[in-house]
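In what follows, a single structure is set out as structure tokens and then discussed.
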Amino acid sequence: MSHSIRRGFAEAIGNTPLIRLNRFSDLTGCEILGKAEFMNPGGSVKDRAARAIIEDAERSGRLKPGGTVVEGTAGNTGIGLAHVCNARGYRCVIVMPDNQSAEKYQLIEALGAEVLRVKAVPYSDPNHYQKIARRLADEIPGAIWANQFDNTANRDAHEQTTGPEIWAQTGGRIDAFVAAAGTGGTLGGISRYLKRENPKILTVLADPQGSSLYHWVRYGELKQIGPASITEGIGIGRVTANLEGAPLDDALHITDVECVRTVYQLLREEGLFLGSTSGVNVAAAVQLAQRLGPGHTIVTILCDSGAKYQSRLFNRKWLSEKGLLEAAGLTQQVQPASITTETPRDLDGYQRLSA
Ligand code: PMP
């Protein structure tokens with residue numbers, strides 16, 4: 001049997017390509033490299049956390065054959081858990097706040113998980129979706145609560161797999177790593193691993209508007225900066241166990257305008273169809289490249305594809321309502337290439353044909 005065969009869904013997670021973002025690299029004189037986590041079999045960086053959380057619960061004996069996995073998640077962790085549960089014969093129950101894109105609910109239900117849609121309320125409310133998930137796990141016999149925010153099996157997955165992969169793929173030639181945090185598992189785990197290999201590697205948080213972490217990293221105190229963001233799955237108002245103690249050097253604040261502009265540049269100039277969190281990450285990598293100057297290698301995460309966001313991020317009307325159409329470069333009227341305002345001589349022929 002070939003060594004390249006991966007045995008089942010779980011083994012197909014990870015070992016994703018590291019993609020040089022050619023335009024952004026050429027423009028900045030840096031090597032800007034994106035870890036293609038959207039190429040995981042469940043479609044996002046969260047497949048790694050889902051696998052690690054389930055394997056950790058199996059090892060500790062908390063999750064037994066035929067058991068149930070319950071989680072409160074805004075999407076990608078639910079997708080990853082639903083896949084791993086299917087592959088291993090577990091029941092999967094996902095609690096989601098009701099302000100997420102329709103594609104995410106539909107996908108998780110299509111995968112066979114039971115989806116409980118609850119009102120989006122602040123974290124302090126006892127009916128916050130994560131607290132409902134915890135209570136459900138207590139009530140269902142043989143169920144575990146995945147607890148992605150504070151279960152450090154999430155961070156360990158990145159410390160043990162994503163970090164070493166980045167190190168191997170760059171041959172250790174990396175000057176900076178920058179990524180956003182949702183649970184903080186990706187940033188916490190990778191920054192721990194890279195700092196251990198080389199303490200000189202800069203580790204930087206990319207924080208969307210509306211999050212409290214930028215201020216926390218820079219000034220040691222949680223404070224929300226800017227209005228709520230259109231991004232889904234990143235930005236948070238507390239320090240999770242997965243983020244606690246992460247060796248971070250700095251933070252960058254990324255606005256929705258910068259995020260959307262970058263998402264559309266990735267699509268049109270790099271050929272990569274990605275979600276908003278990848279936009280935040282790449283916008284931050286480009287800013288970091290500009291600050292560090294040419295000749296540096298900067299790695300970030302391409303978290304998931306744009307496919308789940310067609311009704312929002314890739315919808316003209318929605319972008320317009322959010323005041324983000326200009327950032328997306330979609331304000332000009334699209335015209336067939338043969339029609340120009342200068343009226344070339346052969347336009348007569350075109351008009352006759354189209355009349
Ligand atoms: N990007 C996307 C698309 C996500 O779904 C998430 C997690 N919710 C993140 C980034 C952040 O990853 P982490 O939870 O490891 O901080």
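Values in this text are rule-based calculations from the coordinates and carry no lab data. Quick caveat, the model's predicted, so the values are computed rather than measured. Here the Cβ is made from the backbone with ideal geometry for all residues, glycine too, and neighbour counts use every protein chain on show.
Numbers at a glance
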quantity	calculated
Mean Cα-pair separation over length for region 46-145, i.e. relative contact order, pairs under 8 Å, 6 or more apart, %	32 percent
Those GluC sites (Glu not before Pro) in region 150-227 that DSSP places in a loop and that have at most 11 other beta carbons within 10 Å	E221
Whole-Å semi-axes of the chain's equivalent ellipsoid (Cα gyration tensor)	35, 25, 21
Packing-based order for 117-126, 146-155, using average beta carbon neighbours within 10 Å, highest first	146-155, 117-126
Long-range amide H partners of S305 with built H, under 5 Å	G275
Pairs from K64/K104; K131/K322; K119/K322; K223/K308; K64/K223; K119/K308 whose Cα-Cα separation, in the structure shown, is over 32 Å	K64/K223
Cα centroid separation, region 91-135 to region 177-217 (Å)	26 Å
Where only C-alpha atoms are counted, convex hull volume of region 31-155 per residue in Å³	123 Å³
Cysteines in the chain that, by Cβ-Cβ distance, have no pairing candidate under 4.7 Å	C30, C259, C303
Choice from I230, I140, I53 showing the highest fluctuation, given a GNM over the chain with Cα pairs closer than 10 Å	I140
Lys/Arg +1, Asp/Glu -1 at C-beta; region 46-145 dipole; positive extreme among A110, I79, L63	L63
Within-12-Å neighbourhood charge of I79 [Cβ basis; K, R +1; D, E -1]	-2
Rounded to whole Hz, the Karplus (6.51, -1.76, 1.60) HN-Hα couplings of region 23-34, x for glycine and proline	5, 5, 5, 5, 5, 9, x, 10, 9, 9, 10, x
Helix-derived mean residue ellipticity, 222 nm - over the chain, DSSP H n ≥ 4, -39500 (n - 2.57), to 500	-10500 deg cm²/dmol
